[in-house]
Amino acid sequence: MKKLVAFFIALSAQFAGQAQDWQWLNPLPQGNTLYSVSVVDSLHVYCAGGYGTLMKTSNGGINWTIQNTGTTDQFTGVKFTDSLTGWVISNKGKILHTSDAGINWIIQYADPEFNYLTSLSFTSPLHGCVVGGGIYTCRPETMTTWDGGATWVIDTMTVDSLLFATPIDVSFPDSLHGWFIAGSDIYISRDGGASWNHQHNFGWPVWVQSLSFADTLHGWVSDGYGDLLYKTVDGGTTWSVQGFPWYPAKVCLITPSIGYVGGFSEQGGMVMKTTDGGHTWSANSLGR
């Protein structure tokens, strides 16, 4: 359920445009675009977005409060590992951390070159990985922590190694195995993000958009340009391809059998659900 709620809110951000340059006064609690969500449990949910927006609910969405993070950066990702401990990343290279449910935030990392951070994944309150850079600053990088963000180990990759692409989405199903996508390629780590190796190229003109791993074997990657979904059942060693009738903006694999693909068609926003690992699908229109 946590991954599914996060999927739908992240999907909505795909169509909402860029973050606003103005601060919203009305409607309240806020009107800025939301780009990421972290679901702790059925009651506690955090949403992050433009102009330093961070919203929290402690009653399953009945009421929302806006938290003061002390920045107007666009938040590109948020992750809470429990109801107290969480992180947000920004488009200006900041990693912020809270240990008191968002009452207070501290900057754990601030990139001196304002490197654009794109995605984060945490497997515990201690272990996490952040990716970003690439075309935004010509300095793609991954950052890993094993102590809750007190220290970050930065792995700066050469631009040539990613063909000027940006690490755009990262997924760790456990503390050792992780993947990130960039351009038409996927990279794998088997040591918690300490090192990365190129695993697969999906070929030109594929431009991967989103990825999700349910475990260390089963994963999905979407191609927004070709309206394709790629699936692996062996940890990314081999991939099978499946065509889609519309743009697959976001994928969410909850279990090896259950997953969702969201995007849009001529009828507006669409979501497809599978309960058999992608062999059959049911569709639902979300409207325009």
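Key figures for this structure:
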item: Among the candidates Asn63, Asn68, Asn26, residue that is open to solvent by 70 Å² or more (accessible area, probe 1.4 Å), at pLDDT below 85 and out of contact with any Gly (no Cβ under 8 Å at 6 or more places or on another chain); result: Asn26
item: Subset of region 71-85 that is more than 17 Å from the chain's Cα centre (by Cα), within 17 Å of Gln108 (Cβ to Cβ) and polar (S, T, N, Q) - its residue that is modelled with the lowest pLDDT; result: Thr71
item: Every residue from region 50-69 that is within 18 Å of the chain's Cα centre (by Cα) and either at positive phi or hydrophobic (A, V, I, L, M, F, W, C) (or both); result: Gly52, Leu54, Met55
item: Complete set of residues in region 231-259 that are crowded, with 18+ Cβ neighbours inside 10 Å and touching a helix residue (DSSP H, G or I) at 6+ places or on another chain (Cβ under 7 Å); result: Ala249, Lys250, Cys252
item: Unmet requirement for Ala48, which otherwise passes all of (1) of a type in the set (A, V, I, L, M); (2) modelled with pLDDT of 90 or more; (3) open to solvent by 60 Å² or more (accessible area, probe 1.4 Å); result: (3)
item: Pair list, Cβ under 7 Å, 6 or more apart: region 119-138 residue modelled with pLDDT under 95 and open to solvent by less than 50 Å² (accessible area, probe 1.4 Å), other residue basic (Lys, Arg) and not in a strand (DSSP E or B); result: Gly133/Arg139
item: Boolean, Ala214 is under 25 Å from Tyr35 (Cβ atoms) and open to solvent by 20 Å² or more (accessible area, probe 1.4 Å); result: yes
item: Residues within region 163-194 that are at pLDDT below 90 and surrounded by fewer than 16 Cβ atoms within 10 Å (Cβ to Cβ), tallied; result: 2
item: Any chance Gly262 is buried (at least 20 other Cβ atoms within 10 Å of the Cβ), without any contact (Cβ under 8 Å) to a residue 60 or more places away in the chain and within 21 Å of the chain's Cα centre (by Cα); result: no
item: Any hit, region 155-162, residues being in contact with a Lys or Arg (Cβ under 7 Å, 6 or more places away or on another chain), modelled with pLDDT under 85 and buried (at least 18 other Cβ atoms within 10 Å of the Cβ); result: no
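Okay, residues lined up against (1) hydroxyl-bearing (Ser, Thr, Tyr); (2) out of contact with any Lys or Arg (no Cβ under 8 Å at 6 or more places or on another chain):
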site: Val233; (1), (2): no, yes
site: Gly236; (1), (2): no, yes
site: Ser240; (1), (2): yes, no
site: Val251; (1), (2): no, yes
site: Gly277; (1), (2): no, no
site: Ser282; (1), (2): yes, no
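Residue-by-condition table, conditions (1) within 20 Å of Trp146 (Cα to Cα); (2) modelled with pLDDT of 95 or more; (3) surrounded by fewer than 23 Cβ atoms within 10 Å (Cβ to Cβ):
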| residue | (1), (2), (3) |
| --- | --- |
| Trp87 | yes, yes, no |
| Lys92 | no, no, yes |
| Leu96 | yes, yes, no |
| Ser99 | yes, yes, yes |
| Tyr116 | no, no, yes |
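The values are calculated or read from the model by the stated rules, or taken from the named source; none is laboratory data. Keep in mind the model is a prediction, meaning the values are calculated, not measured. Note that each Cβ is placed from the backbone with ideal geometry, even for glycine, and that neighbours are counted across all protein chains shown. Surface accessibility is based on the protein's heavy atoms, side chains included, excluding ligands, DNA and RNA. Shrake-Rupley method; radii C 1.70, N 1.55, O 1.52, S 1.80 Å.
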